[in-house]
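Read-outs throughout are calculated quantities, based only on the coordinates presented, and are distinct from any laboratory measurement. Because the structure is a prediction, the values reported are computed rather than measured. Positions of Cβ are backbone-derived with ideal geometry, glycine not excepted, and every protein chain shown enters the neighbour counts.
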Amino acid sequence: MPTRILEMGVKDVGDLHDMVLNVLWIIEIPTEITDENGDIISKAATGTSTLSQPSDPTSFTSYENLTEAQVVYWIEATPEHATVLTKVQAEVHQANTGSLMIKDLPWASAS
């Protein structure tokens, strides 16, 4: 899945320290088109997910033992992630099926 974690908000909750409660993430999906330089164009969007406390405190994973894969698994189950993923997939589909050509901005090439 094309999701990466950008930052996590943590808080001490009772005896549990540095519990992840908010996650800022990005979804980036490459299109089938390239720009004038031959670089693949990607579509991307960021989102934030709020996580709930574990119902079973014994299933708590300490902050230093978290992996990106574990946090991505948590956020992919949130409605926010599904909404952003659908949006990015639609943008990729539109780019792949349309006749779009991405060009450098006219004012950016003057140096």
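Using label points projected 7 Å from each Cα along Cα→Cβ, tell me how many nm separate SER59 and SER42, to one decimal.
Each label point lies 7 Å from its Cα, and together they span 3.1 nm.
Quick one: go through segment 2-35 and flag any residue whose amide nitrogen is under 17 Å from the point 7 Å out along the Cα-to-Cβ line of THR97.
31-33
Quick one: go through segment 1-31 and flag any residue whose amide nitrogen is under 16 Å from the point 7 Å out along the Cα-to-Cβ line of ALA69.
So the set is 1-5.
Fewest Cβ neighbours within 10 Å first, please rank SER62, SER49 accordingly. All intermediate terms of the calculation are to be shown ahead of the outcome.
Values: SER62 10, SER49 20.
Taking fewest neighbouring Cβ atoms as first place, the list is SER62, SER49.
Distance in nm between label sites at GLU80 and ARG4, each 7 Å beyond Cα in the beta-carbon direction?
1.9
Taking the chain as a Gaussian network, Cα atoms linked when under 10 Å apart, which of LYS43, LYS87, LYS11 shows the biggest mean-square fluctuation?
Answer for the Gaussian network model of the chain: LYS11.
Could you work out the pair-distance distribution P(r) of the chain from its alpha-carbon pairs, with 10 angstrom bin width and percents rounded to whole numbers?
Reading the bins upward from 0: 12, 34, 24, 16, 10, 3.
In degrees from 0 to 90, rounded to the nearest 10, what is the angle of the helix 79-97 Cα long axis to the longest principal axis of the chain?
20
Counting Lys +1, Arg +1, Asp -1, Glu -1, what net charge surrounds LYS103 among other residues with beta carbon under 14 Å of its beta carbon? Please report the intermediate quantities before stating the final value.
Working: positive: none; negative: ASP35, GLU36, ASP39, ASP104.
Once positives and negatives cancel, what remains is -4.
Amide H to amide H under 5 Å from LEU21: which residues, 5+ apart in sequence or cross-chain, H placed 1.01 Å off N in plane?
Amide H to amide H, under 5 Å and 5 or more residues apart or across chains, LEU21 pairs with GLY9, VAL10, LYS11.
Calculate for the chain the 222 nm mean residue ellipticity that helices alone would give, adding -39,500 (n - 2.57) per DSSP H run of length 4 or more and normalising by residue count, nearest 500 deg cm²/dmol.
Details: 2 runs with 28 residues, N = 111.
Calculated from helices alone, the mean residue ellipticity at 222 nm is -8000 deg cm²/dmol.
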